[in-house]
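The values are calculated or read from the model by the stated rules, or taken from the named source; none is laboratory data. Just so it is clear, the structure is predicted and the values come from calculations on it, not from any experiment. With ideal geometry, Cβ positions are generated from the backbone for all residues, glycine too; neighbour counts draw on all protein chains shown.
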Amino acid sequence: MCNLYSQTKSQDAIRHVFDDMCEDDGELIDTTGNLPAMAGIFPDYAAPIIRHRGSQAGWELVKARWGMPTPQVFLEGKRTDPGVTNIRNVASPHWKRWLGVENRCLVPFTSFSEIDSRPGAPRNHPIWFALGPDRPLAFFAGIRTEWTLVRKLKEGEVTAELFGFLTCPPNAEVAPVHPKAMPVILTTQDEWRCWLTAPTTEALRLQRPLADGMLQIVAEGVREDAA
């Protein structure tokens with residue numbers, strides 16, 4: 001499962017890649033303030049997402065904490081909810097409630113990491129994948145919600161914007177490194193619009209591996225990808 005990714009493009013890059021969509025579907029409002037490059041995004045980090053503006057037309061670039069609410073069955077006897085970063089089983093009632101358009105989001109990224117499981121690989125050896133050496137901007141198919149929970153004991157109960165993203169079987173590049181799954185990656189404007197606006201059944205057709213040949217290994221053995 002992907003528990004580490006990077007987003008190193010500027011706010012302008014995120015906003016402008018969305019320009020044509022905004023002409024048809026309403027403007028994109030940026031409420032993130034100063035958004036620095038993030039070479040290593042780990043679970044529970046606050047990271048940018050693009051979501052619906054609620055009752056208003058258009059979209060909003062906001063920060064949210066990575067990790068959706070954990071199913072209650074896994075929280076028995078626990079004092080905190082660490083969150084779920086990757087979602088595969090969208091047929092589960094726990095996740096179905098957040099598959100409507102109001103809870104779908106796009107998660108911008110430039111590269112993502114999987115721990116190398118190839119024979120002979122060093123222990124906990126990260127492998128970084130991207131669409132190319134220049135780390136083009138792309139998006140994970142995400143879901144989000146506002147939720148009240150205790151993520152850290154020292155922080156106490158908080159109400160926070162949370163997100164996670166869908167996974168699917170791996171493609172040819174990821175499978176040798178991580179044979180169980182890869183994130184659902186969306187690379188075209190049609191896919192972004194479909195994920196944000198289409199009926200659930202249609203949108204979930206995007207839960208499939210990225211086409212073989214579209215990813216490259218761009219770094220390994222490091223916990224951040226600052227390129």
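Tabulated results
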quantity	calculated
Residue list for region 95-108, restricted to those being touching a helix residue (DSSP H, G or I) at 6+ places or on another chain (Cβ under 9 Å) and closer than 16 Å to THR167 by Cα	LYS96, LEU99, ARG104, CYS105, LEU106, PRO108
Residues within region 18-34 that are surrounded by 14 or more Cβ atoms within 10 Å (Cβ to Cβ) and either of a type in the set (D, E, K, R) or at pLDDT below 80 (or both), tallied	7
Failed item, numbered, when PRO183 is tested on (1) surrounded by fewer than 18 Cβ atoms within 10 Å (Cβ to Cβ); (2) modelled with pLDDT of 95 or more	(1)
Qualifying positions in region 189-227 - in a loop (DSSP other than H, G, I, E, B) and over 22 Å from GLU173 (Cβ atoms)	ALA198, PRO199
Residues satisfying the stated conditions in region 42-79, i.e. under 22 Å from LYS96 (Cα atoms), of a type in the set (A, V, I, L, M, F, W, C), free of Cβ contacts under 8 Å to residues at least 40 places away in the same chain and not in a loop (DSSP other than H, G, I, E, B)	VAL73, PHE74
Subset of region 90-107 (residues that are surrounded by fewer than 18 Cβ atoms within 10 Å (Cβ to Cβ), basic (Lys, Arg) and either under 12 Å from MET68 (Cβ atoms) or within 16 Å of the chain's Cα centre (by Cα) (or both))	ARG97
